[in-house]
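The values are calculated or read from the model by the stated rules, or taken from the named source; none is laboratory data. Keep in mind it's a predicted model, so treat the numbers as computed, not measured. Counting neighbours? That spans all protein chains shown, and the Cβs are built from the backbone with ideal geometry, glycine included.
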């Protein structure tokens, strides 16, 4: 194939063109607006850069090329973060791009020790091991996990119930590696590799067909369901936090909810993240809480809502572990505030509360501020929101349904939906469906909210749980256990949405073993890394006289 070889030589002969092309392909392969579907480009996005890495280059040159590629990738995929906070957006893109070159730096080290083909074989393991390890610490923004690029391609990612998003990342990197081998190998190599690549396309499709056929809708009454109403108030977040208009906000929720309850007769109502932007459970807001409870008695329906929570500590008592706390000089006592959600039942029972555990770095909480409190000065607040405390327990919530009796659900708050392992904790504790409350209004008309919605589809497939997703300004939607969106409210529109949400109890292989693949990839990566250096040592020994 002389024409292909000459084209590859021209591309890789350019200093930065391969890096720029890979960065572009990666960026546009990620979910954006619904009418743009370029996710298949991720299957070949790494190829130009990997082809260029056949040539020897100095470490500094390799760093420049890889960082340029990842910087372009992150800029395309994450530019919308700057709409909420420009400094935070720039910092996010820079930090994320630097973190994403780490597996490629390991690739470079292995290549120098054991050769190009050995490094190619190692790359899928290293990539997945790093994606997982990176997500375990507070500085991570695991938004750009490579598998997330396929979130809208539901027919191809049903095997996530076995391998999770990590398996999809491994599949993509492996396919890129095979494409490189097909281009650079002999004629016989190309035939063998082409067969494997065809199987890599066919196998997920076949698995998806089997899953869809096995999960066909049951006849009426054949599966337990919960009737859920989602309320999208369409409140500008800057306006909500920027001035004291609590009464008008609560009145809007009451109006929308009362109408929905009258027309739809739901068994659960959802309001979005921080729907109640004041400390309604604190003593000064006792009247507001009483008014909300009165509404619940009229609706006779449980309410799951996001709200701002506050915990006050005795003056002489230390704050809770992991939370530096704040200090109320008027009351002379420490306290902590949380981005939280609560399930309120009609009547006078205590609310069931979940406090957000994974917080957006620097926007919601400065990483490691519990160890170094002075880091709190670097918080990039949005419209006056101060640093939140960090929740410590993946609490599930329980409600009673006249049709189904006891029903356990899990509430995920906004950014937490990108963490696969966190969601499995809720499901292993008995959650039969998922709820997600969020506020993506900070990102205007960008495709950030659509990316966020797409990523949530992975959590449904991994755990085979339906999701009720309630957003402040959109996109509010119902997602089934196959990751398919069954109904939604368009963004920046006021409205309600009601649907029957299936209740599941089976635990998938991935739910029971969420870290199996990345941990195995980590062990294999270490063995390959050690093997590369041993191989180099044996070569050096053999060359000695």
**Item:** Pairs with Cβ under 7 Å, 6+ apart, first in segment 505-521 and on the phi > 0 side of the Ramachandran plot, second not in a helix (DSSP H, G or I)
**Value:** none
**Prompt:** Say we look at segment 316-343 and pick out the residues that are within 27 Å of the chain's Cα centre (by Cα) and not in a loop (DSSP other than H, G, I, E, B); which of these is modelled with the lowest pLDDT?
**Reply:** 336
**Message:** Go through (1) part of a strand (DSSP E or B); (2) free of Cβ contacts under 8 Å to residues at least 24 places away in the same chain for residue 228 and report which single condition fails.
**Reply:** (2)
**Prompt:** Do we have any residue at all in segment 169-187 that's without any contact (Cβ under 8 Å) to a residue 12 or more places away in the chain, under 25 Å from residue 52 (Cβ atoms) and surrounded by 15 or more Cβ atoms within 10 Å (Cβ to Cβ)?
**Reply:** yes
**Item:** Among the candidates 443, 447, residue that is within 16 Å of the chain's Cα centre (by Cα) and not assigned by TED's automatic domain parsing to the domain that holds residue 126
**Value:** 447
**Prompt:** Hey, any hits in segment 508-527 for a residue that's surrounded by fewer than 20 Cβ atoms within 10 Å (Cβ to Cβ), over 18 Å from residue 128 (Cα atoms) and in contact with a strand residue (DSSP E or B) (Cβ under 8 Å, 6 or more places away or on another chain)?
**Reply:** no
**Asked** In the list 407, 360, which residue meets the criterion of being at pLDDT 75 or above and under 29 Å from residue 505 (Cα atoms)?
**Response** 407
**Message:** So residue 162 passes all but one of these: (1) over 20 Å from residue 34 (Cβ atoms); (2) buried (at least 20 other Cβ atoms within 10 Å of the Cβ). Which condition number does it fail?
**Reply:** (2)
